[in-house]
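Inspection log for the structure reproduced underneath, given as structure tokens.
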Amino acid sequence: MNKKRILCLSFLSLFLFSCADSNELYDGNAYVSQVFIENRYNHYDDGLKEARAVSNVSTLTNGTGQNQYFAGSGNFNSPSSCYGFGQAKQKHPEYFKRSNGVDDLLWEPDIKNDGVGVWTDQSSLYDVAYGQTKKLARVDPSFRKGYLSKLYNGQVRCNAWSSYSLVELDESGYGTRFPLELSSAPYFAFSARGGSDTIDSGRGRVTTFDINVTFYKLNEENKYMASTFLLKDVKLQTNRSAELTSLVGFYFDDIDYDPKGVVGMSIDFKLVFDDCEFQTSSNFDEESPNYVGLMLLEVFFPDSTWN
């Protein structure tokens, strides 16, 4: 088994608040190993895997039209160009404005950073930073609890927090039941980048993923009904910089899906192409000299309402 080590913020060894907006403490040693593949989070809440296995799958391509998804700047020529929310903003610039309707929200700074592990009031970035303005932690206190609260706290980049800032996925993915039921939302998005234990840190490459996003609703028998959207050939930067993340997602009108009633979601993926000289695998359970995964920073249902 590959045991290559990655930089770890080892001085945080006991407890950590979940990246600047959580009321819940969790074990600081959870998913922050110096061994890359040991940081994989692959938990599915009960019943989600079974529903995912029989879900209908709709395929989306990259772009700003019908049956398409947005990703980063829309320019994928180099690792450093896989960044930000430019393509999403191109389709609907109004969703990326401050409340005055004139000034744009910012991708960075995304958090008020008083140091790794220091809980900080982020309200000064409300209506300034995209992540802090649109985060689910502002919807209800229930999104501020537990390990996955780091996906709802508005932190869209690493900010030198290393594994403390993100959820590391291999191709098996993860699935979660939300604390509330979604009532309405114009679009869904997540902030992500690639990550790997190869030795090209600082140089990096563009990695291509097929990413499955699945939404779950409950039928009259209280059983999950799943709808999966396959985002084909999502290009993200890997190992160029932990700060180069992309907003990936889709507008619900573009994919003809009504989000009303969604109670959970999952993400899994397949590695399509890793543009590097190393042999890599996105299956952390198989023997490989190197591994590559999806580093998930944040999950958004911007401007949404919940029951």
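Restricting Gln87, Gln122, Gln155 to residues that are of a type in the set (S, T, N, Q), surrounded by 18 or more Cβ atoms within 10 Å (Cβ to Cβ) and touching a Leu at 6+ places or on another chain (Cβ under 7 Å) narrows the list to Gln155.
Take the conditions (1) over 16 Å from Tyr31 (Cβ atoms); (2) among the hydroxyl-bearing types (Ser, Thr, Tyr); (3) at pLDDT below 95; Tyr147 misses just one of them, which is (1). Remark: pairs (first residue in segment 197-209, closer than 27 Å to Gly249 by Cβ and at pLDDT below 95; second residue among the polar types (S, T, N, Q) and in a strand (DSSP E or B); Cβ separation under 7 Å; 6+ apart in sequence or on different chains) = Gly204/Gln237; Gly204/Thr238.
For segment 144-237, the strands (runs of 3 or more DSSP E) that sit wholly inside it and include 3 or more residues that are more than 27 Å from Asp274 (Cβ to Cβ) are 182-184, 205-218. The number of residues in segment 63-83 that are in contact with a Gly (Cβ under 8 Å, 6 or more places away or on another chain), surrounded by fewer than 22 Cβ atoms within 10 Å (Cβ to Cβ) and assigned to a strand (DSSP E or B) comes to 0. Whenever a residue of segment 77-95 is under 19 Å from Arg193 (Cα atoms), its partners that are surrounded by fewer than 18 Cβ atoms within 10 Å (Cβ to Cβ), lying with C-beta atoms within less than 7 angstrom and at least six residues away or across chains, give the pairs Ser81/Asn75; Gln87/Thr64. Would you mind stating whether Ala192 is surrounded by 20 or more Cβ atoms within 10 Å (Cβ to Cβ), of a type in the set (Gly, Ala, Ser) and out of contact with any helix residue (DSSP H, G or I) (no Cβ under 9 Å at 6 or more places or on another chain)? The answer is yes for Ala192.
Candidates in segment 272-290 are the residues that are of a type outside the set (D, E, K, R) and touching a Gly at 6+ places or on another chain (Cβ under 9 Å); of these, the one that is surrounded by the fewest Cβ atoms within 10 Å (Cβ to Cβ) is Cys276. Within segment 125-152, if we keep just the residues that are among the small types (Gly, Ala, Ser) and farther than 23 Å from Ala88 by Cα, the residue that is surrounded by the most Cβ atoms within 10 Å (Cβ to Cβ) turns out to be Ser149.
Would you point out the residue of segment 259-307, among those that are among the β-branched types (Val, Ile, Thr) and under 15 Å from the mean Cα position of the chain (by Cα), that is farthest from Leu247 (Cα to Cα)? Top of the filtered list is Ile267.
Residues in segment 217-224: is at least one surrounded by 18 or more Cβ atoms within 10 Å (Cβ to Cβ) and aromatic (Phe, Trp, Tyr)? Checked against the condition, which is being surrounded by 18 or more Cβ atoms within 10 Å (Cβ to Cβ) and aromatic (Phe, Trp, Tyr), segment 217-224 yields at least one hit.
Looking only at residues of segment 93-117 that are more than 14 Å from Asn153 (Cα to Cα) and at pLDDT below 90, we find that the one that is surrounded by the fewest Cβ atoms within 10 Å (Cβ to Cβ) is Gly115.
Looking only at segment 246-274, residues that are in a loop (DSSP other than H, G, I, E, B) and within 17 Å of Leu231 (Cα to Cα) come to 2 in all.
Looking only at segment 27-42, filter to residues that are within 27 Å of Pro289 (Cβ to Cβ) and in a loop (DSSP other than H, G, I, E, B); which one of those is modelled with the lowest pLDDT? The qualifying residue modelled with the lowest pLDDT is Asn29.
Here Ile6 passes the criteria (1) exposed (fewer than 15 other Cβ atoms within 10 Å of the Cβ); (2) over 19 Å from the mean Cα position of the chain (by Cα); (3) at pLDDT below 95 except the one numbered (1).
Just one of the listed residues (Phe209, Phe250, Phe300) is buried (at least 18 other Cβ atoms within 10 Å of the Cβ), among the aromatic types (Phe, Trp, Tyr), under 28 Å from Gln34 (Cβ atoms) and touching a Phe, Trp or Tyr at 6+ places or on another chain (Cβ under 7 Å), namely Phe209. Glu220 fulfils the conditions (1) over 29 Å from Asn56 (Cβ atoms); (2) of a type in the set (D, E, K, R); (3) free of Cβ contacts under 8 Å to residues at least 40 places away in the same chain except for a single criterion, (1). As a summary of the residue check, Val35 satisfies the conditions (1) surrounded by fewer than 20 Cβ atoms within 10 Å (Cβ to Cβ); (2) within 17 Å of Leu231 (Cβ to Cβ) except for the one numbered (2).
The values are calculated or read from the model by the stated rules, or taken from the named source; none is laboratory data. Keep in mind it's a predicted model, so treat the numbers as computed, not measured. We place every Cβ from the backbone using ideal geometry, glycine too, and count neighbours over all the protein chains shown.
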